[in-house]
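Student: Next up is a structure, given as structure tokens.
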Amino acid sequence: MYCKNCGNEVNKNAVVCPYCGCSVQSDGSSKKGLGFVLGFFLGLIGLIIGLCMYDSTSVERKTFMKGWLISFIISLCVSVVGVIIYFAALGSVLASAYSMALII
């Protein structure tokens with residue numbers, strides 16, 4: 001992999017370029033939030049399909065709504081915790097890379 005700023009070859013696991021200190025991103029960096037967005041919209045599509053399947057006054061529709069709401073809340077909580085862990089890890093990696101750049 002090559003640095004976009006200076007053109008020197010850098011390690012594929014590098015966060016910053018050791019030559020110029022510029023941030024180095026991998027090729028798949030634009031797809032990081034795709035899973036969260038896709039999961040959210042697929043959940044909404046499932047809700048719409050479920051609401052269309054059942055009569056508005058049926059017990060099945062109320063049961064479906066309760067189950068969907070519980071699963072949506074659980075999925076949302078897991079996603080939020082995952083994002084917090086991801087950004088905490090990313091912050092610590094960037095902080096250590098920045099401190100290493102200051103030492104060099």
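We did not get these values from a lab; they are worked out from the coordinates using the rules stated. All figures in this text were calculated on a predicted structure; none of them were measured in a lab. Heads up, the Cβs are rebuilt from the backbone with ideal geometry, glycines too, and the neighbour counts pull from every protein chain shown.
Student: Which residue is nearest to residue 24 (Cα to Cα), if the candidates are limited to the stretch 63-92 and must be surrounded by 12 or more Cβ atoms within 10 Å (Cβ to Cβ) and of a type outside the set (Ser, Thr, Tyr)?
Tutor: Applying the filter and picking the extreme gives 90.
Student: Okay, moving on. Of everything in the stretch 37-60 that's more than 22 Å from the chain's Cα centre (by Cα) and surrounded by 14 or more Cβ atoms within 10 Å (Cβ to Cβ), which residue is nearest to residue 74 (Cα to Cα)?
Tutor: Going through the qualifying residues, I end up with 47.
Student: Scan 93, 78, 83 and give me the residue that is assigned to a helix (DSSP H, G or I), more than 30 Å from residue 14 (Cβ to Cβ) and among the aliphatic types (A, V, I, L, M).
Tutor: Exactly one of 93, 78, 83 is assigned to a helix (DSSP H, G or I), more than 30 Å from residue 14 (Cβ to Cβ) and among the aliphatic types (A, V, I, L, M), namely 78.
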